[in-house]
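The values are calculated or read from the model by the stated rules, or taken from the named source; none is laboratory data. For clarity, every value in this text was computed on a predicted model and none was experimentally measured. Virtual Cβ from ideal backbone geometry, glycine too; neighbours counted across all protein chains shown.
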Amino acid sequence: MISIVFGLGTALCFAASSLIASRAAKLIGSFPVVAWTMLIGLFLTLPFVVVSGIPDSATGANLGWLLATGIGNVSGLVFATFAYRVGKVGLITPILATEGALAAVIAALLGESIAPIVGFLLVLIVAGIVLAAIAPDPEPLEHERPVVAVLLATGGAVVFGISLYSAAHLSGDMPISWVLLPARLVGTVAIALPLAITRRLTLTRRTLPMVVAMALAEVIGFTMFAIGAQYEVAITSVLASQFAPISAVLAFVLFKERLGRLQITGVVILVLGVTALSIVS
């Protein structure tokens, strides 16, 4: 029951983050959105880092995995926010949800064995992405570029996958706050600080509540996933991956974003492939 509650909570948080990012990026730009999200997230995370203290596992290889986790997470958000500027939420979020599948691909490329069923599901997921990318859009948005959006979302999924693969190598006794910290630190130092120095860290009254809500959704969502995974990884992963269809439905309801039949078919294939992969993995 705990894994179900926290898995669904994760999906809702990530869906909220996706919807907010899609609006905010069009208002103030991708880099400022990521910068503010990470900066606010850093202030949210630091008190818990201080309370937990420096863990014994924060040495050697784990520090390298922490850094890779942070860089991958921030890079993924940059790709995602750029994708949202030129594409629809219902098309982009299912691709971003393949991060777990791509983590499996990375593991296979680095020599880890991969079951035949996993290989089949990965091919199915790729087929869904390609179909969604090349299918005609009956109601294109202004400045919409579906192929570019798919390529950006795929790039985001790849680096998110690297982040997940790196996080999987962290010691099991690493506090959640310490796993959250690297991305917030990297985003603040590599993006927020340069933007602030060059006076390009833009923010408006309209986007202020957006970036605060996005930062909260990111921190709470990851925390809920980590807690749920401690009880049942498979259930938590499957439910968390459903942020994609939730985002697509909400984008249709809130923003009137419609996908064509072939696009929907590709997205459905993609979501089913990701769900099945979460189960068999």
Item checked: Single match in Ala190, Ala213 (criterion: small (Gly, Ala, Ser), modelled with pLDDT of 95 or more and more than 26 Å from Leu8 (Cβ to Cβ)) -> Ala190
Next item on the list: Check whether at least one residue in segment 213-224 is part of a helix (DSSP H, G or I) and without any contact (Cβ under 8 Å) to a residue 40 or more places away in the chain, and report yes or no.
Entry: no
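Yes or no, residue by residue, for (1) in contact with a Cys (Cβ under 8 Å, 6 or more places away or on another chain); (2) more than 25 Å from Ile129 (Cβ to Cβ); (3) modelled with pLDDT of 85 or more:
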{"position": "Gly221", "(1), (2), (3)": "yes, no, yes"}
{"position": "Met224", "(1), (2), (3)": "yes, yes, yes"}
{"position": "Tyr231", "(1), (2), (3)": "no, yes, no"}
{"position": "Thr236", "(1), (2), (3)": "no, no, no"}
{"position": "Ser247", "(1), (2), (3)": "no, no, yes"}
{"position": "Ala251", "(1), (2), (3)": "no, no, yes"}
{"position": "Arg258", "(1), (2), (3)": "no, no, yes"}
{"position": "Gln263", "(1), (2), (3)": "no, no, yes"}
Note to self: Checking Ala21 against (1) of a type in the set (A, V, I, L, M, F, W, C); (2) surrounded by fewer than 19 Cβ atoms within 10 Å (Cβ to Cβ); (3) part of a helix (DSSP H, G or I): exactly one of these is not met. Which one?
What the structure shows: (2)
Check: Looking at (1) outside any helix (DSSP H, G or I); (2) in contact with a Gly (Cβ under 9 Å, 6 or more places away or on another chain), can you tell me which one Leu181 breaks?
Finding: (1)
Checklist line | Hey, Gly64 modelled with pLDDT under 95 and over 26 Å from Leu259 (Cβ atoms) or not | finding: yes
Checklist line | The lone exception for Ile95 - which of (1) surrounded by fewer than 16 Cβ atoms within 10 Å (Cβ to Cβ); (2) under 20 Å from Ser18 (Cβ atoms); (3) in contact with a Ser or Thr (Cβ under 8 Å, 6 or more places away or on another chain) it fails | finding: (1)
Item checked: Positions within segment 26-37 being part of a helix (DSSP H, G or I) and surrounded by fewer than 24 Cβ atoms within 10 Å (Cβ to Cβ), in sequence order -> Lys26, Leu27, Ile28, Ser30, Phe31, Pro32
Margin query: For segment 102-151: of the residues being in a helix (DSSP H, G or I) and more than 21 Å from Ser241 (Cβ to Cβ), which is farthest from the chain's Cα centre (by Cα)?
Written below: Pro116
Check: Given the conditions (1) at pLDDT 95 or above; (2) surrounded by fewer than 19 Cβ atoms within 10 Å (Cβ to Cβ); (3) under 30 Å from Leu272 (Cα atoms), and given that Ile106 satisfies all but one, which numbered condition is not satisfied?
Finding: (1)
Margin query: Given the condition touching a residue at least 60 places away in the same chain (Cβ under 8 Å), within 18 Å of Val189 (Cα to Cα) and in a helix (DSSP H, G or I), answer yes or no: does some residue in segment 2-18 qualify?
Written below: no
Margin query: I'm checking my understanding of the structure. Among residues of segment 222-258 that are over 24 Å from Gly161 (Cβ atoms) and of a type in the set (A, V, I, L, M, F, W, C), which one is surrounded by the most Cβ atoms within 10 Å (Cβ to Cβ)?
Written below: Leu250
